[in-house]
1. Within the range 80-93, can one find any residue that is open to solvent by 10 Å² or more (accessible area, probe 1.4 Å), part of a loop (DSSP other than H, G, I, E, B) and charged (D, E, K, R)?
2. Return the residue satisfying two criteria in turn: it lies in the range 117-155 and is without any contact (Cβ under 8 Å) to a residue 60 or more places away in the chain, closer than 24 Å to Arg27 by Cβ and within 15 Å of the chain's Cα centre (by Cα), and of such residues it is surrounded by the most Cβ atoms within 10 Å (Cβ to Cβ).
3. Evaluate the range 9-19: report whether one residue or more is in a loop (DSSP other than H, G, I, E, B), in contact with an Asp or Glu (Cβ under 7 Å, 6 or more places away or on another chain), at pLDDT below 95 and closer than 29 Å to Gly125 by Cβ.
4. Here is a check on your reading of the model: is Tyr100 open to solvent by 20 Å² or more (accessible area, probe 1.4 Å) and at pLDDT below 95?
5. Cβ-Cβ below 9 Å, separation at least six or inter-chain, first residue in the range 94-116 and closer than 28 Å to Pro146 by Cβ and in contact (Cβ under 8 Å) with a residue 24 or more places away in the chain, second exposed (fewer than 14 other Cβ atoms within 10 Å of the Cβ) and β-branched (Val, Ile, Thr): which pairs?
6. Looking only at the range 48-79, which residues are open to solvent by 40 Å² or more (accessible area, probe 1.4 Å) and either among the small types (Gly, Ala, Ser) or part of a strand (DSSP E or B) (or both)?
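The values are calculated or read from the model by the stated rules, or taken from the named source; none is laboratory data. Here the structure is a predicted model, which means the values were calculated and not measured. Note that each Cβ is placed from the backbone with ideal geometry, even for glycine, and that neighbours are counted across all protein chains shown. Heads up: the accessible areas ignore ligands, DNA and RNA and are worked out on the full protein's heavy atoms, side chains in. Shrake-Rupley method; radii C 1.70, N 1.55, O 1.52, S 1.80 Å.
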Amino acid sequence: FPSHDNIEQPKMIRTIRSWDLASVAGRGDYTVGILAGIDTQNRFWILDMVRGQYDVDKRDDLIERTAANDGPKTIIRLPQDPAQAGRSQIRYLTRRLHGYQISVQSPTGSKSLRAAPLISQANSGNVFMLKDNWNNDIISEMRTFPVGKNDDIIDALADAYDEATRRRKLTAV
């Protein structure tokens, strides 16, 4: 990633908080929320990450608190498991997130295929990241994908990139 040690967050045209959801406290997969954006020069930025192993209640509280911190202009991207439980989960989370823009997508295709557009842009130096304590976790997982122990960050990042690069009317936030 290009180094941006002393750069303030650039003005964003669109911001997205994309979530990869897990539901077991202290073990297994991680719940990850990536805040990303497209700036006025059409560059993709990773702006923030929250990550942890939470039970369902703590996870859902975190999603709601994070939405309040991000503000109502940030699109919240949620993955929907295609089964009935996934539909119920999305209905519940959407109700909990009144006043926010929600984008729900059912992941299709392999994880490698979904991550390919993001990874090709990162490898070309077209993905930027604000310097923070979570940078090493992102870089480490990107280096070991798709054979690493975890892929939760990549899942959230790939969805954030997908949401951010969808063609929409561009207005500064």
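1. Step one: of the range 80-93, the residues open to solvent by 10 Å² or more (accessible area, probe 1.4 Å) are 80-85, 87-92.
Still in the list and also part of a loop (DSSP other than H, G, I, E, B): 80-83.
Filter once more, keeping what is charged (D, E, K, R): 81.
Checking the range 80-93: at least one residue is open to solvent by 10 Å² or more (accessible area, probe 1.4 Å), part of a loop (DSSP other than H, G, I, E, B) and charged (D, E, K, R).
2. This residue is Ile154.
3. Just the residues of the range 9-19 that are in a loop (DSSP other than H, G, I, E, B), to begin with: 9-11.
Narrowing the set further to residues that are in contact with an Asp or Glu (Cβ under 7 Å, 6 or more places away or on another chain) leaves 10-11.
Then drop every residue that is not at pLDDT below 95, which leaves 10-11.
Within this subset, residues satisfying the condition of being closer than 29 Å to Gly125 by Cβ are 10-11.
Yes, because at least one residue in the range 9-19 is in a loop (DSSP other than H, G, I, E, B), in contact with an Asp or Glu (Cβ under 7 Å, 6 or more places away or on another chain), at pLDDT below 95 and closer than 29 Å to Gly125 by Cβ.
4. no
5. As it stands, the answer is Arg114/Thr108, since those pairs meet every condition given.
6. Asp48, Arg51, Ala68
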